[in-house]
Every structure is written in structure tokens, then in C-alpha cells.
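Trainee: Submitted below is the structure of interest, expressed as C-alpha cells.
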Amino acid sequence: MKCPENGAGAIFFSILFLRLQKRKNISNNNLVNKENNVSFQKFFKTGFAGLFLVSGLLVSDGSAQKPTPTPRLIINRDNREVPVVSRTNLYCAGFIQTAPVDTSYEIVGAQDERDKQIFSQGDELYVSAGANRNVKVGDTFSVIRPRGQFESRWTKKKNIGFYVQEVGIVEVVRVKNDVSVVRVKTSCDNLLLGDLLQPVPQRVSPAFAQRPMLDLFADASGKASGRILMARDGAELIGREQIVYIDLGAEDNVKVGDYLTVFRPLGTGNLFTREIKESVSAREKDFQSERYQGGRFSIQAPRKAGEQATGSIVTSEEAKSRRPQNLREVVGEMVILNVREKTATAIITRAATEIHTGDNVEIQ
């Protein structure tokens, strides 16, 4: 490069200096900006991390200081008593008794008797007792229907009483001199003119309790035993929650809440009895191939008697004859609801199979 002369040279060097100074300033600014960016990024990272750490410490400290709530028992289920039966089964179970009933309180009419002859919940009826017998508004009565003397092939007891059906509960809503108007509160069956009124019995349902599994092979307890005489509504195949009447009563020391085992002699209890014969003989043949057959012995036939199988076949009935006579089949369990002189009313609580009238019962 040729160096300029005089004033022109001075101007040239001035311009060159200014350009170099400008480049230097730009480089310095870029470096400062880059350092500032790096510093900001470091501050952001460290500041955010510190903020997150402080927040975590605050949260953990707060949760550590916050007391753990203690569970509070609102309902103590351990002490809660659950009744075995509901109100309907308790007050409409019926009974068999020998004591006479009072026939002076009788349903003698109905507000709408012209249109119907059977009555149920909500209907209003006339009763043959009023202020002359101290009947008051709000009094409640049980409605019963004596059905007649009870006889059964299943009991050896004599004169066990008459069957009484419990059909509902009524409440007095109006009292006149010699009659009262009652309203049906609960109807377990249709109410009829002529049904009788009795004071509502004071009955308490047995409380439900955890019991061991039903022992299907339980031995006899040696306590009082009897038979199922009848089921409510004439049922013959009986299951859980059904009402039955047995020939054990106060004279047998039966009490409300007693549990009884229901059983029958082993091998009995079918509604239809028929003799079952052996269907295959000991030497039944013609079920094998002619080429590969072995001995002529049916795999479905009974064994032959004797130590060397030289006797006749052993039938099922013959095998049964050699077992103890006290073997039994446990079919269910019941609990006593109310007790009369010679009988008691019970409800089936467990059933292993269908239960029949005539099945045996025994106090546990």
C-alpha cells in the first residue's frame, strides 16, 4: 500500500482508526451481551432451583407439622343388635294354643262393606266395643282368626290345642258408646267380618348372633325333641324365613330364642317313595368287544359276598341293614319366636335342603 501524502494521509489514517475503533466496540458489545445472557441463564437456573427447594421445604415442613386426623367411630357395630325376624313375622306368625280366647271384641262392620267383603291396610272397620269397655282413641289391637282344633299325624301329644291365625293390627280412630272405629295399620292377610281383636302381644325378636357353620353330621344333643307339625300358609316344602309350628312348648322347657336342629333319619324325606333295585347284574355282558374282552364282569354291579367273592351280590338295602340305626341327616336350623302350652312357633334360619312337615327337631 502506498502511503498518502500530507493532508490526504492524515484523513486516510483518521478514517482507518475510526473503523478499527468501531469494530472493537462492536466486538466488546457482543462479548458483554453474551456474558449478560450467560449470567441471566445461570441466575434463572439457580434462582428457580432455589425457589423450588424452598417451596419443597415449606410444604414438607407444613405437612410434618399438620397433625394426622384420628379416626372417630360414629356407629359401634359391635354392640348393635339385629333382630332375627321383622315386625310382620314377629306379630303375624300365628300359634297353636289350648287356652281359650276372648270373643267379645269382634269386627262387626266396615265403612264400605257394601262394595267388598275382604279388608286390608287403610280400611276402616267397626268393632263391637266402645266407651262402655274403656276403649280409647289410639289403642291398638291384634286381629286374630281361630281356625279350629289342630290334629296331626306327626305328634303323639293329645289335645295340643287350636290353630290361631294372626292377620293384622288395627288402631282405634273413633270411639262411640258401644262401638269403635278402627283403621287397619298392618295387614298380613285379608281381614274379614267376624275376626277377633286381642291386645297386641309383647314380643321381642331374638337377636342375630354369629353362629358356627351348620354341622351336617352333628350327633344328637340328648335334649327335648319333637316334630314339625305344620308351616304357615300350609307350605309343605319349607325353606329359610318360613314360619313353622312344632310340638314342643312350655311343658318341654322351650324358651324364646332357643335354637333347634332340624333333622330326619338318614335316607328318608322324599315326597315320593319308591323302591330302587339294582339295575345291573353281577355278570352283565355284551358290552365288550368279542376279540379283546376280558372277564364277564360289569363295572356297575355290586360286589359278591364272601371273602373270596363266592356268595350272592350285596344289595344297597343289605348294606344299609348293617349300619347303626341312629344315623341322621341334618337339614336345617330354626329359632323359637313364641311359646304356648304344648307347642311353639319358630322360624327357619338355615336350610341345607328342603325341609318337610314331619321332620324332627331337637334343642341344641
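Trainee: Starting from the 7 Å offset along Cα-to-Cβ, what nm value, one decimal, do you get for the label separation of R240 and V204?
Mentor: Label at R240, label at V204, 2.6 nm between them.
Trainee: Output wanted: per-residue J couplings in Hz (rounded whole) for region 246-251, from phi through Karplus 6.51 cos²θ - 1.76 cosθ + 1.60, θ = phi - 60°, x for Gly and Pro.
Mentor: Each residue of region 246-251 in turn: 10, 8, 10, x, 4, 5 Hz.
Trainee: Translational diffusion coefficient of region 302-364 at 20 °C, 1.002 mPa s, Stokes-Einstein with Kirkwood Rh over Cα pairs, in µm²/s as a whole number. Intermediate results must be reported in sequence, preceding the final value.
Mentor: Values: Rh = 15.6 Å.
Stokes-Einstein gives a translational diffusion coefficient of 137 µm²/s.
Trainee: Residue by residue through region 173-180, what is 3J(HN,Hα) from phi via Karplus (6.51 cos²θ - 1.76 cosθ + 1.60, θ = phi - 60°)? Round to whole Hz and write x for glycine and proline.
Mentor: Using θ = phi - 60°, the values come out as 10, 8, 10, 10, 5, 10, 9, 9 Hz.
Trainee: Could I ask something else about it? So, counting K/R as plus one and D/E as minus one, what does the shell of residues with Cβ under 9 Å around L193 add up to?
Mentor: Details: positive: none; negative: E106, E113, D195.
That works out to -3.
Trainee: Taking the Cα centre of each part, how many Å lie between region 294-364 and region 85-108?
Mentor: 37
Trainee: Which length gain, in nm to one decimal place, applies between A301 and N159 when the Cα-Cα distance is subtracted from 0.36 nm times their residue separation?
Mentor: On the way: separation 142, 0.36 × 142 = 51.12 nm, distance 5.14 nm.
Contour length minus Cα-Cα distance gives 46.0 nm.
Trainee: By how many nm would the segment from N270 to E341 grow when fully extended, if each residue of separation counts as 0.36 nm and the alpha-carbon distance is taken off?
Mentor: Taking 0.36 nm per residue and subtracting the Cα distance, the gain is 22.4 nm.
Trainee: Take peptides 352-362, 303-313 and line them up by average Cβ neighbours within 10 Å, highest first, as a rough protection proxy.
Mentor: Working: 352-362: 19.1, 303-313: 10.6.
Most protected by this proxy first, the peptides run 352-362, 303-313.
Trainee: How many percent of all Cα-Cα pairs in region 87-199 sit more than 24 Å apart?
Mentor: 28
Taken together, the values in this text are just the output of simple stated rules run on the coordinates, not laboratory data. Bear in mind that the values here come from a model prediction, so they are computed numbers and not experimental data. Every residue, glycine as well, gets a Cβ built from its backbone with ideal geometry; the counts of neighbours run over all protein chains shown.
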